Amino acid sequence: MCGIVGLFLKDKALEPQLGAMLTEMLITMTDRGPDSAGIAIYGADAGGLAKMTIQSDSPDADFAGLAEELGETLGTPVTLAANDTHALLTLPAEKVEEARAALAARPGRIRVMSDGEVIEIYKEVGLPRDVADRFHLSSMSGTHGIGHTRMATESAVTTEGAHPFSTGPDQCLVHNGSLSNHNNLRRKLRHEGVRIESENDTEVGAAYLTWKMQQGATLGEALEASLTDLDGFFTFVVGTKDGFGVVRDPIACKPAVMAETDQYVAFGSEYRALVNLPGIEAARVWEPEPATVYFWSH
């Protein structure tokens with residue numbers, strides 16, 4: 001049992017409040033997932049540069065001088081903004097893969113949470129309120145975002161096992177459920193060159209969608225294909241640079257509710273995650289249909 005929230009803003013006037021609204025939604029789902037929590041924010045671009053969110057269990061040691069070190073290795077300026085155990089690197093987009101290799105080769109353990117033009121992911125072990133406070137999530141702005149509270153069933157309670165998972169630029173996934181064919185699919189996707197770094201079944205789901213889109217599928221087509229290729233039960237909420245999508249497996253045993261107004265589209269595992277959103281009393285509220293893809297984009 002886990003909790004999922006998502007918010008896609010149509011009204012630009014609400015963008016400064018995105019983090020605050022998502023944080024409140026996430027905290028209401030605490031009893032569905034007290035082990036760890038995370039959030040993906042799609043904010044402003046970095047002026048033509050790429051964003052890379054990284055994490056370390058020893059941030060003081062690992063982040064000290066890292067921007068300068070990477071800058072020398074890559075031959076280009078790199079900036080670093082630390083945020084508790086995470087930091088946001090900005091660098092030229094064509095240097096992202098080289099930066100990943102440099103981070104993997106250096107002493108210490110720095111994990112890459114996400115990369116892209118606009119995405120930032122922050123996730124850690126702990127109660128949703130504590131995680132949100134650590135990263136000052138309520139002060140973040142953006143166009144859309146998704147969040148997750150985890151009750152671990154498939155792998156250990158670690159930062160690596162927390163959601164969201166990102167396996168492609170500006171892509172991420174949160175999941176409630178369990179995939180039964182993730183081991184075979186993980187081997188196949190790794191053979192295809194898709195990066196998978198944990199043993200979590202959700203990361204396999206994210207990597208599957210990335211793989212399908214690398215083959216030319218749209219997100220909607222990838223989500224449609226997941227209904228055939230992924231075994232198990234699942235509710236997925238997927239973030240991309242332009243929007244977010246929702247799909248439930250054909251049985252749809254995991255709870256889900258959506259609401260739409262002229263200002264936003266919102267998703268929650270339960271309606272109580274949505275009750276404090278502005279204008280919710282006038283929203284169109286519905287339960288997503290099984291085996292049906294929903295998607296909104298800017």
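The values are calculated or read from the model by the stated rules, or taken from the named source; none is laboratory data. Keep in mind that this is a model prediction, so the values were computed, not measured. Note that we place each Cβ from the backbone using ideal geometry, even for glycine, and neighbour counts take in every protein chain shown. Calculation scope for accessible area: heavy atoms of the full protein, side chains included, ligands and nucleic acids excluded. Shrake-Rupley method; radii C 1.70, N 1.55, O 1.52, S 1.80 Å.
Mind counting the residues in the stretch 262-285 that are touching a residue at least 24 places away in the same chain (Cβ under 8 Å), out of contact with any Lys or Arg (no Cβ under 7 Å at 6 or more places or on another chain) and open to solvent by less than 60 Å² (accessible area, probe 1.4 Å)?
10
Return the only residue of T90, T73 being farther than 30 Å from G126 by Cβ and either touching a residue at least 12 places away in the same chain (Cβ under 8 Å) or not in a loop (DSSP other than H, G, I, E, B) (or both).
It is T73.
Looking only at residues that are outside any helix (DSSP H, G or I) and among the small types (G, A, S) in the stretch 4-38, which one is surrounded by the most Cβ atoms within 10 Å (Cβ to Cβ)?
Filtering first and then ranking leaves A37.
If you take the residues of the stretch 206-260 that are small (G, A, S), open to solvent by 10 Å² or more (accessible area, probe 1.4 Å) and part of a helix (DSSP H, G or I), which of them is nearest to P288 (Cα to Cα)?
Across the stretch 206-260, the extreme among qualifying residues is G220.
So if I check each of V96, V112, V118, V131, which one is open to solvent by 20 Å² or more (accessible area, probe 1.4 Å) and either among the aliphatic types (A, V, I, L, M) or within 14 Å of the chain's Cα centre (by Cα) (or both)?
Sole residue among the options that is open to solvent by 20 Å² or more (accessible area, probe 1.4 Å) and either among the aliphatic types (A, V, I, L, M) or within 14 Å of the chain's Cα centre (by Cα) (or both): V112.
Of the conditions (1) open to solvent by less than 40 Å² (accessible area, probe 1.4 Å); (2) of a type outside the set (A, V, I, L, M, F, W, C); (3) under 18 Å from A87 (Cα atoms); (4) in contact with a helix residue (DSSP H, G or I) (Cβ under 8 Å, 6 or more places away or on another chain), Q171 fails just one. Which one is it?
Status for Q171: all satisfied but (3).
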